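To start, the structure under review is shown below, and the notes come after it.
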Amino acid sequence: MARQNPIHLFLPACLLTLALAPAAFSQRGAVNNFPANQANQEKTTPVPPEKNSVTEHDLSLGGRSIHYTATAGNLLIDGADEQPNASMFYVAYTMNGVTDPRTRPVTFLYNGGPGSASMWLHMGSVGPVRVVTSAPDATGSGPYEIVPNEYSLIDRSDLVFIDAVGTGYSRPVGKGVIRDFAGTDQDVQSFEKFIYRYVSLNHRWNSPKFLFGESYGTTRSAALVDTLENSGMSFNGVILMSSILNYFY
C-alpha cells in the first residue's frame, strides 16, 4: 500500500483548527469561553494553624540545675503575595526564670545537606538531651538510648532548632511548592522570615542573637546573617561547624 503523504493529514487538521478558532476565542483573543479545566487550575495545599506543644524539664549541667521549657511547634511564613506558603517546624528550649530577656541570648540552629533537618545538631550535639552512639565506631540498629546531654549549650543560650522547608516537619502550604524554596536565595529568605516571626512573637528583639549552622548550614549562615542585618535585625555572632564556605578548591 502506498505511503500517505503527511501533508494530507496535516492540512485538514489545520483547517479544522482555523474553523473552530473564532468560536473558542473572544474578540480580545483570550480563551474566555473554554470550560474550566481542573487539571490546569492552580493547586493549593491546606494551610495548617500555628500550633505548639509545651513541656517543662530539668537538666543538671556543670553542677548547676537548669529548669527549661521545651516548645515544639510550627510557624507560617508568607510568600510574595503575603499569603502563607510554608509551615516551618521548630523545637525551642528556653530557660525558665529569666526576668529580663535582654540578658538571655537566643541561638538559631540548623544542619546543612542541603536537605537535612536539624535533628543532628538537636539530638547529636548541643540539645538538652542526646542519643547515645558508638562514635567513633559505627552505631548499630535500635533501640537507642536518650540521655541528658552534658555538652548542651542550654546553660549559655536559649536554643531554637529549625527544619528547612522540605525537611523534617516543614512543608510548603497554600500555593507554595518545593521549588519555591529549593535554591540558595529562596532557602535564605525562608529562614529570614522564620527568624523574624519567631523573634517578634516571642519578644526577643533585644536579646543577644546568634546563628549556628553545620556543613551547608555554614554557607546558609554566611548569606543569612547578611540578609538579616540588611533588613534591620542585628546579630551578635555566627557559629560555623564543619564549615564549607568555598566550593571551588
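Values in this text are rule-based calculations from the coordinates and carry no lab data. Because the structure is predicted, anything quoted here is derived from the model rather than measured. For neighbour counting, all protein chains shown are included, and Cβ atoms are generated from backbone atoms with ideal geometry for every residue, glycine included.
The lysines within cross-link reach of Lys51, meaning a Cα-to-Cα straight distance under 23 Å and a gap of 8 or more places when in the same chain, are Lys175, Lys193.
Over every Cα atom in the range 131-178, the radius of gyration and the widest Cα-Cα span, Dmax, amount to 16.5, 45 Å. Charged side chains reduced to their Cβ positions (Lys and Arg at +1, Asp and Glu at -1) give the range 131-189 a dipole of some 340 debye around its Cα centre. Taking the charge dipole of the range 52-241 about its Cα centre, with +1 at Lys and Arg Cβ atoms and -1 at Asp and Glu Cβ atoms, the residue from Val98, Phe181, Phe235 reaching farthest to the positive side is Val98.
Count the DSSP beta bridges whose two residues both fall in the range 52-241, then state the antiparallel fraction as a percent rounded to the nearest 5. Write out the running numbers ahead of the final one.
Values: 30 of 44 bridges.
DSSP beta bridges in the range 52-241 are roughly 70 percent antiparallel.
Normalised Debye scattering of the range 140-237 at q = 0.22 Å⁻¹ gives log10 I(q)/I(0) of -1.27, counting only Cα atoms as equal scatterers and leaving out solvent. By the rule of a C-alpha distance below 17 Å, with chain neighbours fewer than 8 residues away ignored, the aspartates and glutamates paired with Lys209 are Asp100, Asp155, Asp158, Glu192, Asp226, Glu229.
Rg over Rh for the range 52-241 works out to 0.96, using Cα positions for both radii and the Kirkwood form for Rh.
Highest-first packing order for the peptide set 158-171, 94-107, 134-147 is 158-171, 94-107, 134-147, based on the mean count of other beta carbon atoms within 10 Å.
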